[in-house]
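Some notes on the structure that comes next.
Every read-out reported here was derived from the displayed coordinates using simple, explicitly stated rules and does not represent laboratory data. Because the structure is predicted, anything quoted here is derived from the model rather than measured. Methodologically, a virtual Cβ is constructed for each residue, glycine included, from the backbone with ideal geometry; neighbour enumeration extends over all protein chains shown.
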Amino acid sequence: MKRQAPPRWVLDTNVVLSALIRPGGISGRLRLAWQAALFVPLVSRVTTLELVRVLAYPKFRLGEDEQHDLLADYLPWAEPVTLPAIMPPVPPCRDRDDAPFLQLAVMAQADALVTGDRDLLVLGDDAPCPLLTPAEAVAHLSR
């Protein structure tokens, strides 16, 4: 019997950040799941650069080596997606910074976008793919 491919999910920056910095919570389970190849995180240049930028925020007090170590716990498991110069239309978001995650989901034909961001979750059925909270994503993987 052929094994089904793992789902391909876009994770928003806050979900990835929580998984990397607070490994004991729900998002930490996602970290274990991506490292066990239970799903494939999808990244683009824009979403990766945002993660790099956010890891450098002073409030996290992470040195450069710590930032590199955290990226090394994520990026090797991620599937990079090259996005076109002209992006596909996506539903309007209250926060413009959320658009790259929706665009990545469209272009990569993602199975879901995992987010706790209310600005994204309010899109509901208008989103280009299913939206899952981190808890819903963990529950999905447990089925």
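In percent, how large is the relative contact order of the chain, given Cα pairs closer than 8 Å and 6 or more residues apart?
Worked out over the chain, it gives 29 percent.
What is the projected area of the convex hull of the Cα atoms of segment 8-55, averaged over all directions, in nm²? Walk me through the numbers before you get to the answer.
Working: hull surface 12.3 nm².
Value for segment 8-55: 3.1 nm².
Taking only alpha carbon atoms, the chain gives an Rg to Rh ratio of 0.95, where Rh is the Kirkwood radius. With neighbour counts taken as other beta-carbon atoms within 10 Å, the residues Ile86, Ile21 rank, fewest first, as Ile86, Ile21.
Lys/Arg Cβ at +1, Asp/Glu Cβ at -1, dipole of the chain taken about the Cα centre: which of Ala139, Pro76, Leu123 is farthest positive-ward? Of the candidates, Ala139 comes out farthest on the positive side. Taken about its Cα centre, segment 8-141 carries a charge dipole of roughly 140 debye when the Cβ of each Lys and Arg holds +1 and the Cβ of each Asp and Glu holds -1. With R₀ fixed at 35 Å, the C-beta to C-beta distance from Val122 to Val54 puts the FRET efficiency at about 0.95. For Leu42, the amide hydrogen comes within under 5 Å of the amide hydrogens of Trp9, Val10, Leu11, Glu79, counting only partners 5 or more places away or on other chains and with H modelled in the peptide plane. With the convex hull of its Cα atoms as the shape, segment 103-143 has an orientation-averaged projected area of 2.9 nm².
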